[in-house]
Structures are given as C-alpha cells and as structure tokens.
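Structure first, then comments.
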Amino acid sequence: MESANSAAEESAASNSRLTTMVAITVALLATFLGVCKVKDDNIVQAMQQAQADSIDQWAFYQARNLREEIGKATLTQMKLAADTAPVAEKPKYAEALFNYQNLVQKEDAKKGDAQKQALDAEATYNALNYHDDQFDLSDALIAIAISLLAVTALTRKWWLYWIAIVPTVLGVFMGLAGLLGWQIHPDAIMKLLS
C-alpha cells in the first residue's frame, strides 16, 4: 500500500514538474515571439516602403526615357528642318537645337539617377526580405513547438516535451538570427515555403 502511495505521489510530482516546465516554456516562447513580431513588422513596413520607392523610381525612369525619346525625335526633325530653313531662321533653329540637345542630355542623366535609385530600393527590399524570412521561419518553428507543448500538457509525456524542445531551439535560433542580423538563411527551406 505504501509503495502504491509513494508511486502515485512520485507520478503526481513528475506531472506537476512537467506542467510547470510546459507553462514556463510556453510563456518564454510567447514573449520571445512577441519581441520578434515587433521587429518583423518593422521590417515588413520597411520592405513595403522600399518596394514603393522602387516602383516610383521605375516610373520616373520611364517618364525620363519617354521625355528623352521625344526630345531626340524633335531634335532629329529640327535638324532636318534647319537644313532647308531660310538663312534668317537659322539662328532660331540653332538655339532650339541647342536647347533640345541639353534637354536630351539632362533627361538621360536623370534617367540614370532614377535607375540607380530603383535598383538601390530593390537591393534594400531583398536585404530586408532576407531577415523577414528568418522571422517567418522562427514563427513557424515556435508555433510547432507550442503545439507540441500543448499535446505534452494533455498527454503528460516527458519524451514529448523533449521533442518539443527541438523546434523551440531552432525557432529561437532563427529569431535571434533575425534580431541580431546574423547571415543565416536556410535557402532550401525558404524556397519550399515560398
């Protein structure tokens, strides 16, 4: 009888320790997930801004390109017309040709600037996306860990708790990689998930 009571008490104590460990682990994971979520949301906002900047700059590039092409076409027409223009009109044509040549050169330079800014915005987006992927993987791993911990609390199996620690450690590792800017990116997994 005593050994049965002792075994029951030991089992109850083990279950109590397991429940406590599960509760503490879930609380720590939820807190860590919250911190990562704030950083991830800020990254997503910066990604949206970089994408908008890229779109804007490519639109400016196209506008500059169009203005340059119209300027070139006008310049060609004016050169042809200047050849047959009366001598009295030639100074006006020369001035207009000079102005259109300057316009074409300015638009070409501005087009190059817009292209550089668009490419820079795309590079910023890609760099931010790298860290966003880290947080996404961290979120997924921690969600798996919390699910396993919930099943552990229901089944009261210690071995299941230790299995839940695997995605816990990996999730925290990927979250830290995102928070601290580590250059760790499991490309194969991210390609599978994207």
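Just so you know, all these numbers are worked out from the coordinates, no wet-lab data involved. Note that this is a predicted model, so its numbers are computed, not measured. Neighbour counts are summed over all protein chains in view; Cβ atoms, including those assigned to glycine, are modelled from backbone coordinates with ideal geometry.
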**Message:** So, in segment 63-114, exactly how many residues are exposed (fewer than 15 other Cβ atoms within 10 Å of the Cβ), among the β-branched types (V, I, T) and more than 30 Å from A52 (Cα to Cα)?
**Reply:** 3
**Asked** Which condition number in (1) under 26 Å from D133 (Cα atoms); (2) exposed (fewer than 11 other Cβ atoms within 10 Å of the Cβ) is the one that A13 fails?
**Response** (1)
